Amino acid sequence: MTANGNDFEQFHADLRQVEHRVNRRIDPGMRAVRIAVAVLVVLLTSVLPWVGDTPGWQVLFGDVRVGVLPVLFAAFLLGVGVLGSGLALALRNWALAWVCAVGGCAAAVLGMLSIWTQQTGRSNKVPGPGPGFGLVLAELAAIALAIMWVKVASSRR
């Protein structure tokens with residue numbers, strides 16, 4: 001009788017372990033395709049002009065002095081938007097989905113501030129270089145990624 005009792009306890013422990021593993025996973029469903037498209041748009045924006053005629057990859061690597069906010073935005077977008085999204089989709093981990101959601105919201109705020117800083121000048125008489133098309137498109141992609149990751153992370157069953 002004790003062998004059956006031990007077998008049942010082992011089965012119950014295995015079942016709890018599987019349940020715990022399943023509870024940490026996400027299923028983004030069709031949103032995974034939309035997230036992948038938004039990541040592709042983010043990668044595409046890195047070759048488009050961000051600040052004046054300077055492309056996004058030069059802003060990220062600091063080849064041109066454009067201020068700290070566009071560099072931070074580029075780093076957040078690459079780190080959370082591309083790398084984080086790729087890891088979260090590959091591993092389907094709930095905690096990574098929340099990291100992408102929170103990091104995506106932070107990137108969206110940094111993007112708005114980056115656009116704003118490029119429109120304002122250092123004085124009242126000298127305007128800034130202006131945001132490029134790539135920076136605006138990257139901001140839209142960051143907002144889309146943040147919204148999608150918040151929906152995925154909060155929809156865990």
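What residue, among those in segment 94-115 that are under 10 Å from Pro70 (Cα atoms) and of a type outside the set (A, V, I, L, M, F, W, C), is nearest to the chain's Cα centre (by Cα)?
Per the criteria, the residue is Gly111.
Take the residues of segment 44-63 that are polar (S, T, N, Q) and part of a helix (DSSP H, G or I): which is surrounded by the most Cβ atoms within 10 Å (Cβ to Cβ)?
This residue is Thr45.
Only one of these conditions is not met by Leu40: (1) open to solvent by 50 Å² or more (accessible area, probe 1.4 Å); (2) in contact (Cβ under 8 Å) with a residue 12 or more places away in the chain. Which number is it?
(2)
For Ala13, work out the one condition from (1) of a type in the set (A, V, I, L, M); (2) modelled with pLDDT of 90 or more; (3) over 14 Å from the mean Cα position of the chain (by Cα); (4) part of a helix (DSSP H, G or I) it doesn't fulfil.
Here Ala13 meets the rest and fails (2).
Out of the helices (runs of 4 or more DSSP H) lying entirely within segment 64-141, which hold 1 or more residues that are more than 18 Å from Leu44 (Cβ to Cβ), at pLDDT 95 or above and open to solvent by less than 80 Å² (accessible area, probe 1.4 Å)?
94-119
The values are calculated or read from the model by the stated rules, or taken from the named source; none is laboratory data. Values in this document were obtained by computation on a predicted structure and should not be read as measured data. When we count neighbours, we look across all protein chains shown, and the Cβ atoms used for this are built from the backbone with ideal geometry, even at glycine. Accessible surface areas use protein heavy atoms only, side chains included; no ligands, DNA or RNA. Shrake-Rupley method; radii C 1.70, N 1.55, O 1.52, S 1.80 Å.
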